[in-house]
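The values are calculated or read from the model by the stated rules, or taken from the named source; none is laboratory data. Remember, it's a predicted structure, so these values are computed and weren't measured experimentally. In this analysis, Cβ positions are derived from the backbone assuming ideal geometry, glycine residues included, and neighbour counts consider all displayed protein chains.
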Amino acid sequence: MVPRGLVIAIILGVVAGGAFGLFFVKIDNNTQLEFVEGSSLSIVTEKTDFDKGEEITIKIINSGTVPLTFSDASYGLKITGLDGRELYSPISAQVISTLEPKQEITFVWDQIKSDGDPLKQGTYKITSIAIDDDQTVKKSITINIFK
């Protein structure tokens, strides 16, 4: 015969596991890209933790309802250390670029800095800056590089 305490503990564990699972699924869904009224810029990568040397796909998305203007063809993309020191910016033509609402542009970065050296393990910031008629719109995200 199975002890009554063991049966109760198993039932409570199953119920608690299900409740926590639903809770974390709801939290995860809140991080999805959301489009908003007005000016909004979003940067999306397929994940936040990357292996050293792994290609990183970066999407810059106009997640607002007004066109965004950028000062060059790199769409304001910069990768910096957490100290703000610029490590990489794509070579681009100095022409005005525009992203219409819900439009996106994709860059693939091979973790090589502008000086040609490979990136070291650490945490880095990906930033993009745009302008609409009234204001500057800046968005940044952080990523981690592991060995």
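Going by the structure shown, is Gly76 in the same structural domain as Gln103 (by TED's automatic domain parsing), more than 16 Å from Lys139 (Cβ to Cβ) and of a type in the set (Gly, Ala, Ser)?
no
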If you go through Asp51, Asp72, the only one that is under 21 Å from Asp132 (Cβ atoms), of a type outside the set (Lys, Arg) and touching a residue at least 12 places away in the same chain (Cβ under 8 Å) is Asp72
Exactly one of Glu100, Glu86 is in contact (Cβ under 8 Å) with a residue 24 or more places away in the chain, of a type in the set (Asp, Glu) and farther than 30 Å from Lys52 by Cα, and that residue is Glu100
Can you tell me which residue in segment 93-117 is nearest to Ile79 (Cα to Cα), limited to those that are surrounded by fewer than 16 Cβ atoms within 10 Å (Cβ to Cβ) and of a type in the set (Gly, Ala, Ser)? Ser114
For segment 49-96, which residues satisfy the criterion of being in contact with a strand residue (DSSP E or B) (Cβ under 8 Å, 6 or more places away or on another chain), farther than 29 Å from Phe146 by Cβ and of a type in the set (A, V, I, L, M, F, W, C)? Leu68, Phe70, Ala73, Ile96
Among the residues of segment 118-137, is there at least one that is of a type in the set (Lys, Arg) and more than 14 Å from the chain's Cα centre (by Cα)? yes
Looking at the structure I just gave you, is Ile10 at pLDDT below 90, over 18 Å from the mean Cα position of the chain (by Cα) and either more than 29 Å from Ile145 (Cβ to Cβ) or not polar (S, T, N, Q) (or both)? yes
Does segment 118-144 hold any residues that are surrounded by 10 or more Cβ atoms within 10 Å (Cβ to Cβ) and over 18 Å from Lys59 (Cα atoms), and which are they? Pro118, Leu119, Lys120, Gln121, Gly122, Thr123, Asp132, Gln135, Thr136
